[in-house]
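Structure incoming, see below.
The values are calculated or read from the model by the stated rules, or taken from the named source; none is laboratory data. Only a predicted model underlies this, so the values are computations on that prediction, with no experimental measurement involved. Cβ coordinates were reconstructed from backbone atoms using ideal geometry, including for glycine residues, and neighbour counts include every protein chain displayed. These area figures cover heavy atoms from the full protein model, side chains too; ligands, DNA and RNA do not enter into them. Shrake-Rupley method; radii C 1.70, N 1.55, O 1.52, S 1.80 Å.
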Amino acid sequence: MHIAWLGKKSPFCGNVTYGREVTNALQDRGHRVSFLHFADEGDVPADEVSLPFLYKSQIYTLPNPKANKVLADALRSLQPDIVHASLTLSPLDFTLPDLCAELGLPLVATFHPAFDRHRRNFASRTQHLLYQIHAPSLAHYDRVIVFSEVQRDLLISLGIQPERAIVIPNGVDVNKFSPGPSSIKQELDADMLFVYQGRISPEKNVEAMLKAWKQVQLGDRVKLVLVGDGPQAATLKSFYPPEYGVIWLGFIADEQRRIEILRGADVFILPSLIEGLSLSLLEAMACGVAVLATDVGADGEALEGGAGIRLAPHKVANALATLLPMLCEHPDFVLMLRRQARLRAIARYMLSRNIDRVEALYAELLGLNAQQFALGAIGRH
């Protein structure tokens, strides 16, 4: 099967990771994937298509006026079986359904902007507006993949037909992200390790976590490691230096190094005001790390039933001030949370199982039965 995948490869964000993991898995299963993304001409390999742009960030992309024609010409030339758009939050998101209808191509979207169904703060209200703006266009996609039942319910409330909204969660390779040996505690001279991994930006609510950490003062042998970078990093580093047991490691591109850190961690903290379904959260769970995360986006759904501790996003500092000392004093409870996190990752968020569901969705849209689809995956193109 030939899939034309419209997504992102830069700047680094969850959409980039999602596109990489899913397309790599599809290629491993014998499918041909043509990757179309916003990039400077000449900066992409021969098997990719660059779409011209005026501006792009982790949040939004502004295409060059020529981008629509480049995209249309590429799809006509490639003649894929299906188009899958991991939506880049650009004006192309709104024109793609008409283009694919004109070309007779089935069109799937993955829509995964962060959200909080309760709209408790400015960030979550802004994201809800984004959902409202995109909903009329999403109604014209053949299928819209979302990561949770909560997100599906939100889209249905905004007018998306229930049969078009399909829940296929973000997934993690539970063999690669798994418990294992790590020397990170010896390296950092720590007996207990708390970890945050993600952007250092206002919507991630990192400052609330740091305020609680500074308040409780857990001792020299308990450390908080922050993996990531962002607009607030320089300022927060100056207020929360290593003397408070805060270790700033910055952005780490090396996946094996990130896995080593997670394997050595005891507790993972995600204090976000809004989220989609955090891949960092799933990676930590798969590595068997106890998880504290805010009940926003689909993260709360991932932790329900005892797979982790859910926090109210507007009460993060107070909750952590209570929970951090308690977790240090009760290692058996932490161990139980670690086991539950790993079991939940395997049961619900295994990447291979979720790719099975993506393939089944493609087959449904193409009107193929299981045998026909299997033959198509071997080499129709």
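For the range 289-314, which positions are closer than 19 Å to LEU224 by Cβ, in contact (Cβ under 8 Å) with a residue 40 or more places away in the chain and among the small types (Gly, Ala, Ser)?
Answer for the range 289-314, where residues must be closer than 19 Å to LEU224 by Cβ, in contact (Cβ under 8 Å) with a residue 40 or more places away in the chain and among the small types (Gly, Ala, Ser): just ALA290.
Hey, could you check the range 320-360 for residues that are open to solvent by 30 Å² or more (accessible area, probe 1.4 Å) and of a type in the set (A, V, I, L, M) and say which is nearest to ILE3 (Cα to Cα)? Steps first, please.
Narrowing the range 320-360 to residues open to solvent by 30 Å² or more (accessible area, probe 1.4 Å): 322, 325-326, 328-333, 335-336, 338-340, 342-344, 346-348, 350, 352-353, 356-357, 360.
Of the ones still in play, those that are also of a type in the set (A, V, I, L, M) are 326, 335-336, 343, 346-347, 350, 360.
Details: MET326: 50, LEU335: 43, MET336: 42, LEU343: 32, ILE346: 27, ALA347: 28, MET350: 22, ALA360: 14 Å.
Ranking the candidates gives ALA360 first.
So, one more: Regarding the range 315-328, can at least one residue be identified that is touching a residue at least 40 places away in the same chain (Cβ under 8 Å) and within 19 Å of the chain's Cα centre (by Cα)?
no
While we're looking at this one, here's another question. From the residues in the range 60-97 that are β-branched (Val, Ile, Thr) and open to solvent by 10 Å² or more (accessible area, probe 1.4 Å), which one is farthest from the chain's Cα centre (by Cα)? Step through it out loud before you land on a result.
Of the residues in the range 60-97, the ones β-branched (Val, Ile, Thr) are 61, 70, 82-83, 88, 95.
Still in the running and open to solvent by 10 Å² or more (accessible area, probe 1.4 Å): 70, 95.
Details: VAL70: 28, THR95: 25 Å.
So the residue we want is VAL70.
State which residue is most open to solvent (accessible area, probe 1.4 Å) when the search covers only the range 28-59 and only residues that are of a type in the set (S, T, N, Q) and within 21 Å of the chain's Cα centre (by Cα).
First, pick out the residues of the range 28-59 that are of a type in the set (S, T, N, Q): 34, 50, 57-58.
Still in the running and within 21 Å of the chain's Cα centre (by Cα): 57-58.
Details: SER57: 26, GLN58: 59 Å².
Filtering the range 28-59 for residues that are of a type in the set (S, T, N, Q) and within 21 Å of the chain's Cα centre (by Cα), the one most open to solvent (accessible area, probe 1.4 Å) comes out as GLN58.
Would you confirm whether or not the range 165-174 contains a residue that is farther than 24 Å from ILE274 by Cβ and within 23 Å of the chain's Cα centre (by Cα)? Even if it seems obvious, please write down each step before you answer.
Filtering the range 165-174 down to residues farther than 24 Å from ILE274 by Cβ leaves 173-174.
Right, trim to within 23 Å of the chain's Cα centre (by Cα) and you get 173-174.
Looking through the range 165-174, at least one residue is farther than 24 Å from ILE274 by Cβ and within 23 Å of the chain's Cα centre (by Cα).
With the structure loaded, tell me whether GLU275 is buried (at least 24 other Cβ atoms within 10 Å of the Cβ) and either at pLDDT below 95 or in contact with a His (Cβ under 6 Å, 6 or more places away or on another chain) (or both) or whether it fails that test.
It is true that GLU275 is buried (at least 24 other Cβ atoms within 10 Å of the Cβ) and either at pLDDT below 95 or in contact with a His (Cβ under 6 Å, 6 or more places away or on another chain) (or both).
Scan the range 297-308 residue by residue and report those that are open to solvent by 30 Å² or more (accessible area, probe 1.4 Å) and under 21 Å from the mean Cα position of the chain (by Cα). Give the derivation first.
Here is the first cut: in the range 297-308, the ones open to solvent by 30 Å² or more (accessible area, probe 1.4 Å) are 301, 304-306.
GLU301, GLU304 - these are the residues of the range 297-308 that are open to solvent by 30 Å² or more (accessible area, probe 1.4 Å) and under 21 Å from the mean Cα position of the chain (by Cα).
In the range 275-320, which residues are in a helix (DSSP H, G or I) and of a type in the set (Val, Ile, Thr)?
If we filter the range 275-320 for residues that are in a helix (DSSP H, G or I), which is where we start, we get 279-286, 299-303, 313-320.
VAL316, the sole residue that qualifies.
Filter the range 1-23 for residues that are buried (at least 21 other Cβ atoms within 10 Å of the Cβ) and assigned to a strand (DSSP E or B) and give the result.
ILE3, ALA4, TRP5, LEU6, GLY7
Quick one: is LEU155 surrounded by 19 or more Cβ atoms within 10 Å (Cβ to Cβ), over 17 Å from ARG348 (Cβ atoms), in contact with a Gly (Cβ under 7 Å, 6 or more places away or on another chain) and not acidic (Asp, Glu)?
Values: surrounded by 19 or more Cβ atoms within 10 Å (Cβ to Cβ): yes; over 17 Å from ARG348 (Cβ atoms): yes; in contact with a Gly (Cβ under 7 Å, 6 or more places away or on another chain): no; not acidic (Asp, Glu): yes.
The answer is no for LEU155.
Can you pull out the residues in the range 158-197 that are of a type outside the set (S, T, N, Q), open to solvent by less than 20 Å² (accessible area, probe 1.4 Å) and touching a residue at least 40 places away in the same chain (Cβ under 8 Å)?
Within the range 158-197, ILE168, PRO169, GLY171, VAL172, VAL174, PHE177, ILE184, LEU193, PHE194, VAL195, TYR196 qualify.
Taking LYS223 as meeting all but one of (1) open to solvent by less than 30 Å² (accessible area, probe 1.4 Å); (2) assigned to a helix (DSSP H, G or I); (3) modelled with pLDDT of 95 or more, write down the number of the exception.
(2)
Could you check the range 24-110 for strands (runs of 3 or more DSSP E) lying wholly inside it with 1 or more residues that are touching a Cys at 6+ places or on another chain (Cβ under 7 Å)?
Details: elements: 32-38, 48-51, 53-56, 61-63, 82-86, 107-110.
Those strands (runs of 3 or more DSSP E) span 82-86, 107-110.
Among the listed residues ARG125, ARG117, which satisfies the condition of being on the phi < 0 side of the Ramachandran plot, in a loop (DSSP other than H, G, I, E, B) and either of a type in the set (Lys, Arg) or modelled with pLDDT of 95 or more (or both)? I'd like the intermediate steps shown before the answer.
Details: ARG125 fails: in a loop (DSSP other than H, G, I, E, B).
The unique qualifying residue is ARG117.
Right, next: Is it the case that some residue within the range 238-246 is open to solvent by 30 Å² or more (accessible area, probe 1.4 Å), more than 27 Å from ARG263 (Cβ to Cβ), touching a residue at least 40 places away in the same chain (Cβ under 8 Å) and outside any strand (DSSP E or B)?
no
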